[in-house]
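Worksheet for the structure shown next.
The values are calculated or read from the model by the stated rules, or taken from the named source; none is laboratory data. Because the structure is a prediction, the values reported are computed rather than measured. We place every Cβ from the backbone using ideal geometry, glycine too, and count neighbours over all the protein chains shown.
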Amino acid sequence: MMDQFITLLPELNKSFLETLIMVAIGLGVALIVGLPLGLLLFVTDRDLFLENKWIKGVTGVIVNLVRSVPFIILLVFLFPFTNFLVGTTTGPVAASVALSVAAIPFYARIVEASARDIDRGVIEAAIACGASPWLIIKDIIFPEIKSGLISGLTITAISLIGYSAMAGAIGGGGIGDLAIRYGYYRYDNFVMFTTVILLIVMVQVIQYVGDFLAKYVKKG
Amino acid sequence: MISIEQLCKVYQTKDRKIIGVDNVTMTVEKGEIFGIVGYSGAGKSSLLRCMNILERPTSGKVTLDGIDLLSLSPKELRTARQSIGMIFQGFHLAISKTVLENVAFALKASKVGRVERKRRALELLDLVGLSDKADQYPAQLSGGQKQRVSIARALANNPKVLLCDEATSALDPNTTQSILKLLKKINRELGLTIVLITHEMEVVKEICDRCAVMEEGRIVEEGKTYDMFAYPQNTLTKRFIQTVLDFNLPKELLEHSKGTIVHMKFTGKLAGESVVSDLLQNYEVRGNILHGKVDYIQNKALGTFVIELTGEDKEVQQAIESVRKKVEVEVLPHDGSVHHSAAGAE
Ligand SMILES: Nc1ncnc2c1ncn2[C@@H]1O[C@H](COP(=O)(O)OP(=O)(O)O)[C@@H](O)[C@H]1O
Ligand SMILES: [Mg+2]
């Protein structure tokens, strides 16, 4: 068994790294695009300080649209776009295009939901102070939801690991790809179990670190 | 200072229109504490929130020191809001910020620099008596302390007016007193104009120079606080006054009384005792004091006496007539319905 493991190790390392790349890019894009999008969804809501029926409506529909497409279909549907963007449709970087597109609305909704939990009165008090919309977002909303933002990233990361397995299955690489190639097509139970255990450990570690950070930034 | 003209606020919900404020015209003078009382849903918050355009009036005019607040651009409005502080029943402090940061936020809004922000925030915390709590989080404070922080935040930009939305309604009586004292101190020392809304007449009695009573979006009566207590006109005003000047005589006492029960109200400088002793000396009647109390409103006395007079019917009548010339008198029925008849006293 040890032998088996040692032979598998280089492949396992490579797959692990590929999964990490896919999840990291997806998370990064979720944070850069999904976070502002989530805040936009929140502040343009009814009775809020940047209330705007149109922006809220259009953004909401787009977000729901992307979220309602099953990931595997989104992946295939985005092939032309992926090809245009990175010049190929295989490999972890290509797979991260679809992962990012899926992660953006996912995270945006989480951000919006955590912002909704803020006591409206606190925002109102800030408006009464004469604060600008930007200052309210940066100095009131953001710190109040910091902990929720981190928990949201944890949830997104774990979902991305799941999605990345699907992306792997159609040429993205990563742990999921490994599991399917050996475990499924070749009935190699050892590889199957090893990859599953690795995935479980990854999820656990992410959850643990995420919970710790979320708790750490929560003050008061 | 603040002038409101024909202000209406109508809320449009999915299926109907709700009238929040119905054609209110009023002015708040510089340096005064103006109270607005009314039951829940009377439209007090709506009216107050129109004063800093947290709620945009449906029609009417709001001016602060001659500036028409409804004509301002968003940016100008933000600057104007910096001169209008506001505190709330629920304090509304940011829970992820320390006490100091909460106060400093208001200064950030007016673009005060970092060092100056801290200095000024500490100075404000000192004013409200919380210098030692600067680095604590709101969750670690009591209700009264939280309200003090929110007062410090509201005062940060040296406002001309402070709007208080049920600022003491979530606090116990002792804490309420201390917050009211603080508001009064700020009013006297900084010359700050205060508009406060409340459903407790006690609060008005405690600190307001003038007040208005609100019902169904309208102001039904308005005047100097003492006059409102001493000479209420509207039924609702009388009911609110009752909550403060109330007296309860045991039902049995009234039912078994053989005499005439007289309720007298003394206003201003007129001393209750001399009127009563004159009455007892000059007429063939015997008096039995059932209730006596003096309330001080705006440092002026308002006395309430209830006396049972016994003697010849004619003598008693004459005695009552004689006092009627000097003070407000009312003969109470013997069925224990003091409450209602007193509320209807003219
Ligand atoms: N945002 C709102 N939307 C719809 N109706 C409202 C809103 N705010 C207040 N109202 C209604 O307006 C009336 C006055 O409310 P409010 O000003 O809060 O009264 P008060 O402060 O005296 O309790 C109430 O009938 C209330 O239900
Ligand atoms: Mg209210």
Hey, can you tell me all the residues within the stretch B:1-28 that are in contact with a Cys (Cβ under 7 Å, 6 or more places away or on another chain) and either farther than 24 Å from B:THR193 by Cβ or β-branched (Val, Ile, Thr) (or both)? B:VAL21, B:ASP22
So which residues in the stretch B:103-120 are buried (at least 24 other Cβ atoms within 10 Å of the Cβ) and either in a strand (DSSP E or B) or facing chain A (nearest Cβ under 9 Å) (or both)? B:PHE105, B:ALA106, B:ALA109
Of (1) of a type in the set (A, V, I, L, M, F, W, C); (2) facing chain A (nearest Cβ under 7 Å); (3) outside any helix (DSSP H, G or I), B:ILE87 satisfies all except one. Which? (2)
Test of understanding: among B:PHE229, B:PHE266, which residue is over 11 Å from B:ILE36 (Cα atoms) and not assigned by TED's automatic domain parsing to the domain that holds B:ILE18? B:PHE266
Based on this model, can you work out whether A:VAL76 counts as surrounded by fewer than 17 Cβ atoms within 10 Å (Cβ to Cβ) and at pLDDT 95 or above? no
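Residues are listed down the side, and each one gets a yes or a no for (1) assigned to a loop (DSSP other than H, G, I, E, B); (2) within 16 Å of ligand 2 (Cβ to nearest atom):
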{"position": "B:ILE19", "(1), (2)": "no, yes"}
{"position": "B:THR25", "(1), (2)": "no, no"}
{"position": "B:GLY31", "(1), (2)": "yes, no"}
{"position": "B:ILE36", "(1), (2)": "no, yes"}
Of all residues in the stretch B:35-55, how many are near ligand 1 (Cβ under 9 Å from one of its atoms) and within 20 Å of B:ASN187 (Cα to Cα)? 2
Candidate set: the stretch B:45-62, residues that are of a type in the set (Lys, Arg) and either within 16 Å of ligand 2 (Cβ to nearest atom) or within 13 Å of chain A (Cβ to nearest Cβ) (or both); chosen: the one nearest to B:LEU162 (Cα to Cα): B:ARG49
Collect the residues in the stretch A:187-220 that are under 17 Å from A:GLY162 (Cα atoms) and exposed (fewer than 13 other Cβ atoms within 10 Å of the Cβ), keeping them in residue-number order. A:PHE193, A:ILE197, A:ILE200, A:VAL201, A:GLN204, A:VAL205
In the set A:GLY152, A:GLY173, A:GLY210, A:GLY162, the lone residue that is under 23 Å from A:VAL76 (Cβ atoms) and touching a residue at least 24 places away in the same chain (Cβ under 8 Å) is A:GLY173
Given the conditions (1) within 14 Å of another protein chain (Cβ to nearest Cβ); (2) within 22 Å of the chain's Cα centre (by Cα); (3) at pLDDT below 85, and given that A:ALA214 satisfies all but one, which numbered condition is not satisfied? (3)
Pairs please, first residue from the stretch A:3-20 and within 17 Å of A:PHE190 (Cβ to Cβ), second anywhere and surrounded by fewer than 16 Cβ atoms within 10 Å (Cβ to Cβ), Cβ atoms under 6 Å, 6+ apart in sequence or on different chains. A:GLN4/A:PHE190
Looking only at the stretch A:171-198, which residues are in a helix (DSSP H, G or I) and either touching a strand residue (DSSP E or B) at 6+ places or on another chain (Cβ under 7 Å) or closer than 14 Å to A:MET22 by Cα (or both)? A:GLY171, A:GLY172, A:ILE175, A:GLY176, A:ASP177
Please determine, by comparing only the residues of the stretch B:63-75 that are touching a strand residue (DSSP E or B) at 6+ places or on another chain (Cβ under 9 Å) and free of Cβ contacts under 8 Å to residues at least 40 places away in the same chain, which one is nearest to the other protein chains (Cβ to nearest Cβ). B:LEU69
Out of the helices (runs of 4 or more DSSP H) lying entirely within the stretch B:141-232, which hold 2 or more residues that are away from chain A (no Cβ under 14 Å) and among the basic types (Lys, Arg)? B:173-190
Suppose the filter is buried (at least 22 other Cβ atoms within 10 Å of the Cβ) and either modelled with pLDDT of 95 or more or more than 16 Å from ligand 2 (Cβ to nearest atom) (or both); does B:PRO74 pass it? no
